[in-house]
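Here's the structure we're looking at; comments come further down.
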Amino acid sequence: MNETFERWQSRRAFILAVTGAAVGLGNIWRFPYMTGENGGSAFLLLYIVFVLLLGLPMMMAEIMIGRAGRRSPMQALAFLSEEAGVTPHWRWLGLFGAITTFFILSFYSVVSGWSIEYLIGSVNGDFVAQSAPQIGASFDAFLLDPLRMTFNHTLFMLLTMSVVAVGIKSGLEKLNNVMMPLLYLILLVLGGYAVTTDGFGEAIRWLFTPDLSAINLSVVLNAMGHAFFTLAVGACALMAYGAYMPSDQSLPKAVLAVALLDIAVALLSGIAIFSVVFSHGLDPTEGPGLMFVTLPVAFSELPGGQIWLGAFFMLLLVATWTSSINLAEPMVAMLVGRGWRRGRAAALIGSLVWLVGLLSVLSFSSLKDVHWLGDMNFFALVTTVPPDIFLPIGGLLIAVFAAWQMPKEAAASALGVSPAGFAVWQVVVRYISIPLTAVVLLSSVI
Ligand code: PFF
């Protein structure tokens, strides 16, 4: 369990890597459909509150542990608990994180495969002059085709694991540098288009007029889980990136920049998608297919729409790629820390995740009505329980370790803040983030 001496090549590289992990399907695909299914503005409001009160301080805690431990998550936790003189069982938290990322990656790859399908479709001009119902019907037909979905899922897993196998820092830094700014640019174009649609006013009203009556326990739980998911917090995946963070970089500043950008991307996609929903009389509660139906409709109306659509799916693919690399990294790092060769570890993890992903693929056809828990089929289960339950549990434990178990000096120096700043962080984590997460989790169990 030796210390790693690898570092991100620059400050910007670290911020880009964490942004790459945070911005992904969560912002562009999951946020709009969760908002649609959970009453619109109520969900949005809670999500922002949770990002600020839980996500931000816990993200700092998680990255700080990585930076203090300078090892893969499980080993960092083992090392730091020994240093702090507390139980070595904290290391199992690293394993719990790996299990969480395993299941998240299994569906993440399948849905990212949908973007590959749509990228190819838009290059082929499949959506030219298609009406909204036609586009909806072709998405439904696609879901019933497990072979096509498996092909795309396989391709995406190969893309992800080939970068992880080589080592994230060589490929990832360059990719991020170019692609992320382009993604923001195209989202801005999409936002600009949304303003011109008839549904824009209604979308804004629906998203931003607070409707407290729509808040219930399940909305609260979903919004909390989504805050963790979108920031990539709670699975020890950011901990793995923190291990490569230079010692002199300001952690709070980096984290704040990432969180604000993450919210901005989600809001922009939400506004764009719901403007289209309302101007075409589509259903906001459509579920996981929402983005794949609304965006082709939106772009088919823009001049040169197919090119924009193709570019959008291309960039979405890069955004999901950088997130899935982050999801895979801690699992691979765990095996590498136990003496495995990186390539072999990536091949093994990739194959296992791929296999489990097939259950999600089949959840739209032959396994559609096979219920694993309540009325949830595998896809519903795996897109709900790991993000909404496992991530908050992981985040909670990470926060307890950081704010109650680590010696003050070690934590303060790894956070890179003044004593006063440390005191504020500690009070927020100890007395707001941890109890709030616990209360929401417990009340949803009861
Ligand atoms: N934050 C990613 C997204 O919004 O798409 C998903 C994610 C990545 C969740 C990494 C958890 C994680 F550890």
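Only Cα pairs under 8 Å and 6+ residues apart enter the sum, and on that basis the relative contact order of the chain stands at 36 percent. The shape of region 198-354 can be summarised by an equivalent ellipsoid whose semi-axes, obtained from the alpha carbon gyration tensor, come to 35, 21, 16 Å from longest to shortest.
With all protein chains in place and ligands, DNA and RNA left out, the 1.4 Å accessible area ranks TYR184, TYR33 as TYR184, TYR33, largest first.
Within region 35-76, all pairs of alpha-carbon atoms sorted by distance into 5 Å bins from zero give the percentages 5, 21, 17, 14, 12, 10, 9, 9, 2.
Projected onto its three principal axes, the C-alpha set of region 261-379 covers 55, 35, 26 Å, listed from the longest axis down. Please give the helix 146-166 orientation as an angle from the longest Cα principal axis of the chain, in degrees from 0 to 90, rounded to the nearest 10. Computed tilt is about 30 degrees.
Among rounded, prolate and oblate, which fits region 217-275 when a ≥ b ≥ c are the square roots of the eigenvalues of its C-alpha gyration tensor, a/c under 1.5 means rounded, and a/b larger than b/c means prolate? Oblate is the answer for region 217-275, as a/c is 1.5 or above yet b/c matches or exceeds a/b.
The convex hull of the Cα atoms of region 121-211, projected and averaged over all directions, covers 9.7 nm². How far, in degrees from 0 to 90, does helix 217-231 lean away from the longest principal axis of the Cα atoms of the chain, to the nearest 10? Between the helix axis and the principal axis of the chain, the angle is about 70 degrees. Angle, helix 11-22 long axis vs. longest principal axis of the chain, Cα atoms, 0 to 90°, nearest 10? That works out to roughly 60 degrees. Of ARG67, ARG91, ARG148, the residue with the largest accessible area leads and the full order is ARG148, ARG91, ARG67 (1.4 Å probe).
Taking only the alpha carbons of the chain, we obtain Rg and Dmax values of 21.0, 66 Å in that order.
Accessible area per residue for the chain, computed on protein heavy atoms with a 1.4 Å probe, is 37 Å². Positive end of the dipole of the chain (Cβ unit charges, origin at the Cα centre): among LEU256, GLY287, GLY113, the Cα lying farthest that way belongs to LEU256. Rounded to a whole number, what % of the accessible area of the chain do carbon and sulfur atoms account for, probe 1.4 Å? C and S atoms contribute 68 percent here. Think of each Lys and Arg Cβ as +1 and each Asp and Glu Cβ as -1; about the Cα centre, that makes the dipole of the chain roughly 1460 debye. Average 1/r across all pairs of distinct alpha carbons in region 185-240, invert it, and you get the Kirkwood radius: 14.3 Å. Taken over region 72-187, the convex hull of the Cα atoms encloses 169 Å³ per residue.
The values are calculated or read from the model by the stated rules, or taken from the named source; none is laboratory data. Note that this is a predicted model, so its numbers are computed, not measured. When we count neighbours, we look across all protein chains shown, and the Cβ atoms used for this are built from the backbone with ideal geometry, even at glycine. What goes into the accessible areas is simple: the full protein's heavy atoms, side chains included, and nothing from ligands, DNA or RNA. Shrake-Rupley method; radii C 1.70, N 1.55, O 1.52, S 1.80 Å.
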